[in-house]
Structures are given as structure tokens and as C-alpha cells.
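Asks: Just passing along the structure, written as C-alpha cells.
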Amino acid sequence: MNLATTMLFEAKIQQQDLSHQNFPNDLENQPRQVTRTVDHKHSHTTICVDFDGVIASYDGYRGRGWIGAPKPEGMELLHRLNQMGYYVVVLTARQELDLVGKWLQEHGVGFAVPTNTKPPAVAYIDDRAIEWKDDLSTVISKLKDLDNVKTRSPRSGA
């Protein structure tokens, strides 16, 4: 993707409603890579919450623009974090941050800012995470327990 078709959104995370953000209407019709950077001055109060699978229902990629229904527990989590004074960042692997931002606003959580780059935070909440505690055998065991992980041969080369 070249620079002409790339859109860069930079947003300084603030503890306020982001309804003033403009999400251009033409973005729905154009493939774009969107990146939102996070202001690091809030890292001591930032909590990142994964989008697909925690906040929005997710059972696999269904194409650009498709976002699952809100998950009640995930939505409640966002509201509680906000009420507790945390700076709520929604972390996603999606490139369509424009659509994620609109979805968040439409579902009443416009205070949460989407990003697809991992900012400094006090915690990361993700439905697919395996916590690292300096114990390789535990991580390997958990990986073997996953139903959707297939045995792969190691990559050759450096």
C-alpha cells in the first residue's frame, strides 16, 4: 500500500468523549491502513482491552466492515474501567480503526480509543493471552492444550 492510499490518524488519548473525532464517510469504501498512536504520558493509568473476542463477538474474519455484536461483559468492563479512572485503550489487530472507532461510539463507549499499536499500559486484557511468568514449560503446555493450534515444523534459517 503506498502513501497515497495510507491514512494516518494520530490521537492523543484524553479522558474525554472522542465524539469530536471525524471519521470520514469515504473510508468505508476504500481500503486503508490506519494507525493511531497513543500519548505515553498516560501509561501509568492506561489499560488496554482487546477488541475482537472481549468487547465485540468474534468467531473469525468475515471481511472488511463486519464487526460482531457487543459482548455485555466486555462493554461493562469498559464502563467500569472508565469509572475507576483508567485511561481505556482498545487494542486490535484490525487495520480498520475508522470502523472500530465508529462502532465504539455507536455503542456508547466513545471514551475508549482504538489503536493497532501496543502502547505502554499497566495491564492488557485479551481473550487469547497466555501470561508469561518466566516458566517456559507452562507456556508450552498451554499452547499444546489449545484446540486450534496445529503442530508446526520449526522455521529454518535465522
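The values are calculated or read from the model by the stated rules, or taken from the named source; none is laboratory data. On a predicted model such as this, the values are computed, not experimentally measured, just so you know. As a convention, Cβ positions derive from the backbone with ideal geometry for all residues, glycine included, and neighbour counts pool all protein chains shown.
Asks: Looking only at the stretch 59-69, which residues are modelled with pLDDT of 95 or more and surrounded by fewer than 19 Cβ atoms within 10 Å (Cβ to Cβ)? Break it down stepwise before answering.
Replies: To start, the set of residues in the stretch 59-69 that are modelled with pLDDT of 95 or more comprises 67-69.
Selection gives GLY68, ALA69.
Asks: Give the residues of the stretch 139-153 that are assigned to a helix (DSSP H, G or I) and either modelled with pLDDT under 90 or of a type outside the set (Val, Ile, Thr) (or both), sorted by residue number. Can you show your working first?
Replies: From the stretch 139-153, those assigned to a helix (DSSP H, G or I) are 139-145; that's our starting set.
SER141, LYS142, LEU143, LYS144, ASP145, listed by residue number.
Asks: Turning to a different aspect of this structure: May I ask you to list pairs of residues, at least six apart or on different chains, whose Cβ atoms are under 7 Å apart, with the first in the stretch 61-90 being at positive phi and the second being outside any helix (DSSP H, G or I) and surrounded by 10 or more Cβ atoms within 10 Å (Cβ to Cβ)?
Replies: What qualifies is GLY85/THR45.
Asks: Is one or more of the residues making up the stretch 78-92 within 20 Å of ARG128 (Cβ to Cβ) and either modelled with pLDDT under 95 or surrounded by fewer than 17 Cβ atoms within 10 Å (Cβ to Cβ) (or both)? Outline the logic, then answer.
Replies: Step one: list which residues in the stretch 78-92 are within 20 Å of ARG128 (Cβ to Cβ), which gives 78, 81, 88-92.
Checking which are either modelled with pLDDT under 95 or surrounded by fewer than 17 Cβ atoms within 10 Å (Cβ to Cβ) (or both) leaves us with none.
No.
Asks: Let me ask something additional. In the stretch 47-93, which residue that is part of a loop (DSSP other than H, G, I, E, B) and hydroxyl-bearing (Ser, Thr, Tyr) is farthest from PHE111 (Cα to Cα)? Outline the logic, then answer.
Replies: Filtering the stretch 47-93 for residues part of a loop (DSSP other than H, G, I, E, B) gives 51, 53-55, 57-69, 71, 84-86, 92-93.
With hydroxyl-bearing (Ser, Thr, Tyr) added as a condition, the list becomes 57-58, 61, 86, 92.
Details: SER57: 20, TYR58: 22, TYR61: 26, TYR86: 11, THR92: 16 Å.
The qualifying residue farthest from PHE111 (Cα to Cα) is TYR61.
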